[in-house]
Amino acid sequence: MPQASEPSINWQDFDCNVADSDTPLSVFRAQLKSASEAIKTRFEHGIAVEILVAERAAMMDQLLVRAWCRLFNNNESDIALIAVGGYGRGELHPASDIDLLILTNTDKDTQRHAENIEQFLLFLWDMGLEVGHSVRTLDDCTEQAEADITIATNLMEARQLTGPETLFNKMKEAVSPEHVWPGLDFFRAKREEQVARHKRFNDTAYNLEPNIKENPGGLRDLQVIGWVAKRHFGAETLHELVGHDFLTENEYKELIEAQNFLWKVRFALHILTNRREDRLLFDHQRAIATQFGYQDQEHKLAVEQFMKDYYRTVMELSRLNEMLLSIFEEKILYANDNIEPNNINERFQSRHGILEAKHKDIFTQTPSALLEVFVVMARNPELRGISANTIRLIRNGRHLIDDKFRHDPYCHELFIDLFRQGTGLTHELRRMNRYGVLAAYLPVFENIVGQMQHDLFHVYTVDEHTMFVVRNLRRFTVPEFSDEFPLCSRIIKTIKKQEILTIAGFFHDIGKGRGGNHSTLGAVDAVEFCREHDINEHDTDIVKWLVENHLIMSTTAQRKDISDPEVIADFAKLVGNQERLSFIYLLTVADIRATSPSLWNSWKDSLLAELYHTTKRALRYGLNNPIDQEELVSNTQKKAVNILKDSNLDSQKTKHQWNRLGNDYFLRYSADEVAWHTQAIIHHSDKNEPLILLRGETHRGGTEIFVYMKDVDYLFAIITATLEKLGLDIIDARIITTNDGYALDTFLVLDRDGKTITEPGQQDEITNTLKKRLTNPEEPSSLSQNLTRQLKHFPIKTKIIFREDANNNRTEMEVITGDRPGLLARISTGLIECKVLLQNAKIATFGERAEDIFFVTDNNDQPLNKEIQTCLKETITNLLDE
């Protein structure tokens, strides 16, 4: 830690000002403010952050000691003021808590000083400091440290500010490893603590809004290294690890560079927010990127460049943390263990479940071992990790991965062999990425390492998203997870060469961050890889097709009317055969699940499964023999009659009801839904009252709300506004109007957590609220435009696109805009004002971006002409962008 410098503070003048003032508190406040401003200015002028955190801690020392001395005598022998935690380490960021321990000898001493302690703390709070304090006796320190490793860690970093040195030394001795938390126990507890913390962040540092302190690869991981080194080895600074031969000088420099980068980000965050903030939120990412001098480039925003540097920094810290904890494990857990290693092959052996190279020249003598080591790890799932010395040898040997290495057939064989392993592929690809081997072997992968897409849809970097896709594909093959995605688990058993699917998953987004169509760019890279690695032309074609078309199934399912036989026929032609259908379905599910933990839901599951099954049926019929609409309608009606046969419904009433509806109704609803609607409508006695039906869980993957009533203006707007106010997300809407003017509107909804509505009380609230609102329907009042914190940072200008749907004699209107409350109700208001009828709606939200599809006609059930399209574009744009 560099020595602090305080060029602008004259503490003698300060003491005189305090002595002369009738309000000493105001002098302390003014000094704190001016010193803080001076440090902020020095930061903005580029003074190194490691100097500034020490400078602020030193300034705080001076203020606190002087405040303390106003209430306590210098000769007090039974009370001391101690800095602990980060402040104890001499590291203080602009808004960090001032962690203090007020240490007394006995409870009697605490009681005797109670009034002054209270006055001291009040003075600090009145000064404007955020103080985290504890008042403990020597016995308290021992007892509480024994019971809680967090307290033991806090006290381990204690630094005396003022008071008797003997008292401070007694405390240090009482909580030393000889008395509480010896090095072995401390290491195990801290390692378990880190594992649990990493799990809270899904074991990834690559979150959309990362926590720079607690995330994997964050400052806490660095602190764990320091704590263990201090507890067991007595190392007061990280540089002492070089002397212990735990780190090389270069590794130490990498560690400090990573620390200083994160410190700089944290320092900027505290200044920007004027509070203790460790989350790198959208609100701050752009501002800090600009402050640090990043500029937008042709294909990369400044904020994406900044975040790429952040993610690469935390990846490096993760690697160093892994390596050092591995060394500590060897030195602490197995210090006196002379166990013989288990032989694996000519180059590798294992000891205590840790893989190690047999000698230091392994990789220089056999460069291909730089790939083999990961294959060995995958083949031996009992291995827990790689030894620190071997990690170091791998890192130092990366220069051996040159063009000759990349064109070596044996290296090709090893890399493909890794993809063929039954277990461990994802773990080893992540390890290869962390050690820098993956980007060295596949330079095209280097482009996506740490590449963030600055939106709310993609919550991981491209490389981390890729790892999740591979993991999801492999998870389909694991029997114990077969209940998660039963259809995927069944389908993947039919795939003979699963490595072809996994390679496609690995390459599907590799073209991102370069400008242009990433699917096309990625397909070129995938073909080059396949041919270089001797994958046959048939399998190469499959990989190419999958990478090039990896978005088509999700796009078709979420943005097209898959109840339309023509849509299914077109998709079946694009897919071509059952093999490709199976591949694209599995890849689509894995891809959506890997994009964001909150993106996958039961509706998407049902939608994709429906598209898979209907396309499979179309392929079975033959691409030249598409299923006829009339045949589909007839089949649905026959099945519905069969369901209704035990309901004692009058067949003439059923026939009359169905005659009120066109073929479109029977194409867009299942037989089960038709029977459900028919029975309820026939039994509905008061035709002037709205009929509201609700089913909590359906085969469509959401909660189904059915409304039957006399059609009125603004009906769709009223219903959508009501559902939005009830906290429901509308994911699908089907609008049918009978030939005598009744509306049959169906809405598929989920709650804000993406779950179906199964609680009876909530279901009753929905039906009762809708019934009340629709009994006397009126144009919806002003609609909420309140945006979430995150959405405010992603403004999207509304874009409206019209396409002709000639097969169904209607127009398809796509609205691309920023997602916000009341969106559908506003669009519906625009439809009413332009006298446009709505048939169907496909609601799709991608992070902050809504891409909703509406199938519409004019009042004569004809496609929209240019005049009406212009009316819609202007009206809806004004409603959304006002």
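Overview of results
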item	result
Within-13-Å neighbourhood charge of Ser368 [Cβ basis; K, R +1; D, E -1]	-3
Potential extension, Glu236-Tyr621 segment - 0.36 nm per residue separation minus Cα distance	131.1 nm
Straight-distance crosslink candidates among lysines, where the alpha carbon sits under 24 Å from Lys40 and sequence neighbours closer than 8 are dropped	Lys213, Lys264
Solvent-accessible area per residue, Å², over segment 1-106 with all protein chains present [probe radius 1.4 Å]	44 Å²
Theoretical gain in end-to-end length, Leu574 to Leu667 [0.36 nm per residue, Cα-Cα removed]	31.3 nm
Computed over segment 246-336: relative contact order in percent, which uses C-alpha pairs under 8 Å that are six or more apart	31 percent
Accessible area per residue, Å², segment 703-749 with all protein chains present, probe 1.4 Å	26 Å²
Two-site label geometry, Asp628 and Ser26: point separation in nm, points 7 Å out along Cα→Cβ	9.6 nm
Relative contact order of segment 711-780, pairs being alpha-carbon contacts under 8 Å that are 6 or more residues apart, as %	39 percent
The chain: antiparallel DSSP beta bridges as a percent of all, rounded to 5	85 percent
Average accessible area per residue (Å²) across segment 233-293 - probe 1.4 Å, nucleic acids and ligands excluded	46 Å²
Cβ-isolated cysteines (cut-off 4.7 Å), the chain	Cys16, Cys69, Cys141, Cys411, Cys488, Cys530
Residue-count net charge about Ile271 - beta-carbon cut-off 12 Å; Lys, Arg +1, Asp, Glu -1	+4
Residue-count net charge about Asp109 - beta-carbon cut-off 14 Å; Lys, Arg +1, Asp, Glu -1	-2
Span from the segment 280-317 Cα centroid across to the segment 37-61 one, whole angstrom	23 Å
Cβ crowding within 10 Å averaged over residues, with 322-331, 39-48, 363-372, 415-424 ranked highest first	322-331, 363-372, 415-424, 39-48
Cα→Cβ-extended label distance, 7 Å offset, between Arg531 and His613, nm	4.2 nm
Percent carbon-and-sulfur accessible area, the chain, ignoring ligands, DNA and RNA, probe 1.4 Å	46 percent
Relative contact order [Cα under 8 Å, 6+ residues apart], segment 446-539, whole percent	24 percent
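The values are calculated or read from the model by the stated rules, or taken from the named source; none is laboratory data. Everything numeric here is computed off the predicted structure, so don't read it as measured data. A quick note on method: Cβ atoms are made from the backbone with ideal geometry, for glycine too, and the neighbour counts reach across all protein chains shown. Keep in mind that these areas ignore ligands, DNA and RNA; they rest on the heavy atoms of the full protein, side chains included. Shrake-Rupley method; radii C 1.70, N 1.55, O 1.52, S 1.80 Å.
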